Amino acid sequence: LRAKRYPDSVGIGHYQIDLHPTTGGDNYIDFATLPFEIPLGALIPRRLKNLIPAAKNIGTTHVTNGCYRLHPIEWNIGEVAGALASQSV
C-alpha cells in the first residue's frame, strides 16, 4: 500500500495529516499517512511565469496541505525550489 506516484516527483514526505480548526470549535484532525511524493508540478504555477512557489504556498488541497505544511516537508520543497531556480538562470 502506498500513496500516489508522480512521474515528476522531486521528493518524498512522510508526516501525519495535521489539520487545525478553521471555524472554531474542537475539530482538530491528526491521523497517520503513507509516505507521499512531492510532484514538481505543485511548484510550477499554471497561469503565472517567473515564479517558483516554495513551502506553504505550493499547489495542494486543504487536506493534503495538512501534510505538506510541516517543517521537514517545507525544507524539502524549499531545497527543490532553489535547485529549480538555479537551473532556470
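The values are calculated or read from the model by the stated rules, or taken from the named source; none is laboratory data. These figures come from a predicted structure and were not determined experimentally. FYI the Cβ positions are ideal-geometry reconstructions off the backbone, even for glycines, and counts take in every protein chain you see.
The set of residues in region 24-42 being over 22 Å from residue 11 (Cα atoms) and not β-branched (Val, Ile, Thr) consists of 24, 25, 26, 27, 28, 30. Among strands (runs of 3 or more DSSP E) entirely within the chain, having at least 3 residues that are modelled with pLDDT of 85 or more singles out 9-13, 36-39. Can you list residue pairs whose Cβ atoms sit under 7 Å apart, with the first residue in region 54-78 being at positive phi and the second being in a helix (DSSP H, G or I) and at pLDDT 85 or above? Count only pairs 6 or more apart in sequence or on different chains. Final answer for the pair search is 55/74; 55/77; 55/78.
To keep it simple, each residue is scored yes or no on (1) surrounded by fewer than 13 Cβ atoms within 10 Å (Cβ to Cβ); (2) farther than 17 Å from residue 3 by Cα; (3) free of Cβ contacts under 8 Å to residues at least 12 places away in the same chain.
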| site | (1), (2), (3) |
| --- | --- |
| 26 | yes, yes, yes |
| 29 | yes, yes, no |
| 35 | yes, no, no |
| 47 | yes, yes, yes |
| 52 | no, yes, no |
| 83 | yes, yes, yes |
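The residue pairs whose first member lies in region 5-21 and is closer than 13 Å to residue 58 by Cβ, whose second member is aromatic (Phe, Trp, Tyr) and in a strand (DSSP E or B), and whose beta carbons are closer than 6 Å, counting only pairs six or more residues apart or on different chains, are 13/36.
Residues of region 43-57 include at least one that is among the β-branched types (Val, Ile, Thr) and either under 21 Å from residue 30 (Cβ atoms) or out of contact with any helix residue (DSSP H, G or I) (no Cβ under 7 Å at 6 or more places or on another chain) (or both).
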